[in-house]
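Written below as structure tokens is the structure these notes are about.
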Amino acid sequence: MNKIKVGILGATGMVGQRFVQLLENHPWFEVTELAASERSAGKTYGQVMEGRWKLSADIPAYARARPIKECLPNLDCKVVFSALDADVAGEIEGNFARHGYIVSSNARNYRMEPDVPLLIPEVNPEHLKLVPLQKKNRNSSGFIVTNPNCTTIHMVLALKPLMQFGLSQVMVTSMQALSGAGYPGVPSLDILDNVLPFIGGEEEKVQSETLKLLGSFNGAGVTNADMVVSASCNRVNVNDGHTEAVSVRLDKKPSLSEIVAAMEAFNPLKELKLPMSPDHPIIVRRESNRPQPKLDRTVEKGMASVVGRVRECPVMSYKFTVVGHNTIRGAAGAAILNAELMKTQGYLE
Ligand SMILES: NC(=O)c1ccc[n+]([C@@H]2O[C@H](COP(=O)([O-])OP(=O)(O)OC[C@H]3O[C@@H](n4cnc5c(N)ncnc54)[C@H](OP(=O)(O)O)[C@@H]3O)[C@@H](O)[C@H]2O)c1
């Protein structure tokens, strides 16, 4: 099979380097272009990433000698994965889509646009039907598909199997890893021995994206899910892996064992066998001290959401903790999985 040529926009950042790592030897995609700001353009990836590569395995050989280009729509590829800073992603991604590229984006800029899919393949694959509408609205041969915020995605994966029980209210308190703030991110003197109780814009993203993701495609757009979500987001002194304490109100009053069974049985992509797809999207741990980011963030190569401490809630119906990797399933891995789903559905033809 001829591999599809892909580029990475923002290849030098925290999420960009995850793309570089996860796309090495991908069975369907071949990275032909790496791009970043004009500060990095013109140098090789190896030169720019000296001291900036933060992953435990080395820079893949395919990327090291490759020149970094500017984020202009003259790249030799069909799909671009975007790990761009949100300050510039709106203009650059829009420009690529107008020039016929398929953009799989991590940035927040287009997530809530009515004609742009905000996609988790296991949760709302039918939202890809927004693509023809987007191309028509924008008179564009390319298009943009987005993945959710890194906190939203792990919570929504755990919530989707609970929709059948009449999910009407969600309260979530997040404890978010440092890599989620990019590089260099939060100053060490602010976070050592500390918890920061505010992450700009994060609570609003979790609250609004959840309703779109769990909403339904109505033929002309997405009708938001009929529920309320309240989020409190905190930055904690953890390298990778977000932890979230979630309480849910379930109007149909299922038993605790029904909830756990629904989460464990949830595997809608099983038959598709997508390369990045985890064997089990939700893993439920029974131990009282799990999940923990240090122990559970890399299970299923960082693509699963690990749930534990499922129990009754005296205020809502039930509560649980979910942990997931923020730069793999929460960012680069999510965008690659979205592109894999698009390929199987004919959107990359
Ligand atoms: N970190 C996470 O866990 C996470 C999770 C989900 C979503 N996201 C989203 O993913 C995106 C990237 O996040 P990050 O944490 O990887 O950020 P980051 O480490 O700060 O990287 C930002 C990237 O954007 C590039 N860039 C900045 N200004 C540019 C410009 N004017 N033109 C072209 N490229 C430019 C940078 O290139 P230079 O190196 O050349 O400056 C760098 O490659 C953000 O939109 C973020 O909100 C992050």
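Coordinate-derived values only; no laboratory data. This one's a predicted model, so the numbers in the text were calculated from it and none came from an experiment. With ideal geometry, Cβ positions are generated from the backbone for all residues, glycine too; neighbour counts draw on all protein chains shown.
Computed over the chain, relative contact order equals 17 percent, with contacts defined as Cα pairs under 8 Å that lie 6+ residues apart. Among beta bridges from DSSP that stay inside the chain, the antiparallel ones total about 40%. Charged neighbours of residue 55, selected by a Cβ distance under 15 Å, balance to +2 (K, R count +1; D, E count -1). Taking the number of Cβ atoms within 10 Å of each Cβ as an exposure proxy, the fewest-first ranking of 263, 163 is 163, 263.
Whole angstrom only: what separates the Cα centroid of region 47-63 from the Cα centroid of region 139-208? Going from one Cα centre to the other spans 26 Å.
Computed from label points 7 Å out along Cα-Cβ, the spacing between residue 257 and residue 113 is 4.9 nm.
By how many degrees, 0 to 90 and rounded to 10, does the Cα axis of helix 150-159 deviate from the longest principal axis of the chain? Roughly 40 degrees, rounded to the nearest 10.
Less than 5 angstrom separates the built amide H of residue 30 from those of 4, 5, 6, all sequence-distant by 5 or more or on a different chain. Just to confirm the number: angle between the C-alpha axis of helix 333-344 and the first principal axis of the chain, 0 to 90 degrees, nearest 10? On a 0 to 90 degree scale, this one is about 80. GNM remark for the chain: springs join alpha carbons under 10 Å apart, and the peak mean-square fluctuation among 297, 39, 138 falls on 39. The lysines whose alpha-carbon is closer than 28 Å to the alpha-carbon of residue 319, local same-chain residues fewer than 8 away aside, are 160, 205, 212, 252, 253, 270, 294, 301. If you sort the three axes of the alpha carbon gyration tensor as a ≥ b ≥ c, you get a/c under 1.5 for region 150-325, which makes it rounded.
Filter the chymotrypsin sites (Phe, Trp or Tyr not before Pro) in region 134-223 to those in DSSP coil with at most 14 other Cβ atoms within 10 Å of their Cβ, and list the result.
Answer in residue order: 198.
Let me know the shape class of region 1-61, please: from the alpha-carbon gyration tensor, a ≥ b ≥ c as square roots of the eigenvalues, rounded when a/c is under 1.5, otherwise prolate if a/b is greater than b/c, or oblate. Write down the numbers at each step before the final one.
On the way: a/c = 2.22, a/b = 1.44, b/c = 1.55.
Oblate is the answer for region 1-61, as a/c is 1.5 or above yet b/c matches or exceeds a/b.
Taking a ≥ b ≥ c as the square roots of the eigenvalues of the Cα gyration tensor, region 216-268 is oblate, since a/c reaches 1.5 or more and a/b is not larger than b/c.
Just want the ordering: 325, 99, from fewest to most Cβ atoms lying within 10 Å of their own Cβ.
On the way: 325 30, 99 14.
The most exposed by this proxy come first: 99, 325.
For residue 135, the aspartates and glutamates whose Cα comes closer than 15 Å to its Cα, not counting residues fewer than 8 places off in the same chain, are 93, 113, 115, 349. Relative to the longest principal axis of the Cα atoms of the chain, the long axis of helix 86-98 makes an angle of roughly 60 degrees. Note on the chain: with a GNM built from Cα contacts shorter than 10 Å, the maximum mean-square fluctuation among 117, 73, 314 falls on 314. Note on residue 87 and residue 204: the extension gain reaches 40.4 nm, defined as 0.36 nm multiplied by sequence separation minus the Cα-Cα distance. Listed by Cβ neighbour count within 10 Å, with the fewest neighbours leading, 34, 23 appear as 23, 34.
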